[in-house]
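Novice: First the structure, then my questions, so here it is.
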Amino acid sequence: MTSSEQVPVTLKLPRRVFEELQIRIPEGKRSDFIREAILEKLNRTPRPNVLLKLEERMKRLEEDIATIKASLADLELLSYEKGRIDPYTFCEDEKDRAIVELLLQKDGLTTPEVAKEMGNNRWLILNRLKKIQQKSSRKLGKPLVNFSASGRMGKRRAWWINRELIP
């Protein structure tokens, strides 16, 4: 990572750090010390393109594992123990957590009921529910939340939490 050409850099430090630098490092050696510290830190920091490649590989691996889990679940070789799945792991933020919490409390709710409880747009709620459903289905082989158009417990066209996956 060393280059033969050197470029001057202006640096601002907090006064306390500068005073510490004056005490510990002799005057002619400070530039070398700062240069070495920067190079050391750069060597420990991964490059963004490497991170991007790792993220893509992780996503592919997750998808492959989800496919395998779905296949095993279809063959009934993969069993789900009650209490093993944390329903909030499929939530991206507080809104998703609030949606899952409502479904846990009331078992089943229609999209407009969830929207009214939370004070949000029903399209936003619908999109969030679909994302939770897809994400959990991908990772578990079964969705955490299901939409059922038929009547169930006096509700039609409602979202239901899958009780066999949670405590």
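Novice: Which one, Gly108, Gly141, Gly28, has the greatest fluctuation when you compute a Gaussian network model over the chain with C-alpha springs under 10 angstrom?
Specialist: Gly28
Novice: Which order do Thr67, Thr45 fall in if you start with the one that has the fewest other Cβ atoms within 10 Å? Display every interim value, and only then the final one.
Specialist: On the way: Thr67 12, Thr45 9.
Sorted ascending by nearby Cβ count, the order is Thr45, Thr67.
Novice: Explain nothing, just compute: Karplus ³J(HN,Hα) = 6.51 cos²θ - 1.76 cosθ + 1.60, θ = phi - 60°, for every residue of segment 90-97 in order, whole Hz, x for Gly and Pro.
Specialist: Calculated HN-Hα couplings, in order: 9, 9, 8, 8, 5, 5, 4, 4 Hz.
Novice: Let me ask you something else. Between Thr110 and residues 5 or more places away or on another chain, which pairs have amide H atoms under 5 Å apart, with H built 1.01 Å from N, and which residues are they?
Specialist: Trp159
Novice: How much length, in nm to one decimal, is gained on full extension between Asn146 and Leu104, taken as 0.36 nm per residue of separation minus their Cα-Cα distance? Please list the in-between numbers first.
Specialist: Values: separation 42, 0.36 × 42 = 15.12 nm, distance 1.27 nm.
Separation in residues times 0.36 nm, less the Cα-Cα distance, equals 13.9 nm.
Novice: Going by how many other beta carbons lie within 10 Å of each one, how would you line up Ser4, Ser31, Ser137, Ser150, fewest first?
Specialist: Ser4, Ser150, Ser31, Ser137
Novice: Continuing with this model, one more query. List, in the order given, every pair from Lys53/Lys130; Lys116/Lys139; Lys59/Lys135 whose Cα-Cα distance in the structure shown is over 21 Å.
Specialist: Working: Lys53/Lys130 27 Å; Lys116/Lys139 30 Å; Lys59/Lys135 12 Å.
Pairs exceeding the cut-off: Lys53/Lys130; Lys116/Lys139.
Novice: Using θ = phi - 60° and the Karplus form 6.51 cos²θ - 1.76 cosθ + 1.60, what ³J(HN,Hα) does each residue of segment 36-50 get, whole Hz, x for Gly and Pro?
Specialist: Result, ordered by residue: 5, 5, 5, 4, 4, 5, 5, 5, 7, 8, x, 6, x, 5, 5 Hz.
Novice: Something else about it: Could you bin all the Cα-Cα distances of the chain into 5 Å bins starting at 0 and give me the percent of pairs in each, rounded to whole numbers?
Specialist: All Cα pairs, binned at 5 Å, distribute as 1, 7, 11, 13, 11, 9, 7, 5, 5, 6, 8, 8, 6, 3, 1, 0, 0 percent.
Novice: Starting with the fewest neighbours, write out Phe90, Phe147 ranked by other beta-carbon atoms found within 10 Å of each beta-carbon. Before the final figure, lay out the partial values.
Specialist: Values: Phe90 23, Phe147 16.
With the fewest neighbours first, Phe90, Phe147 line up as Phe147, Phe90.
Rule-based calculations on the coordinates, nothing more; no lab input. Remember, predicted model here, so these are calculated numbers, not experimental data. Here Cβ is always computed from backbone atoms with ideal geometry, including for glycine, and neighbour counts include all displayed protein chains.
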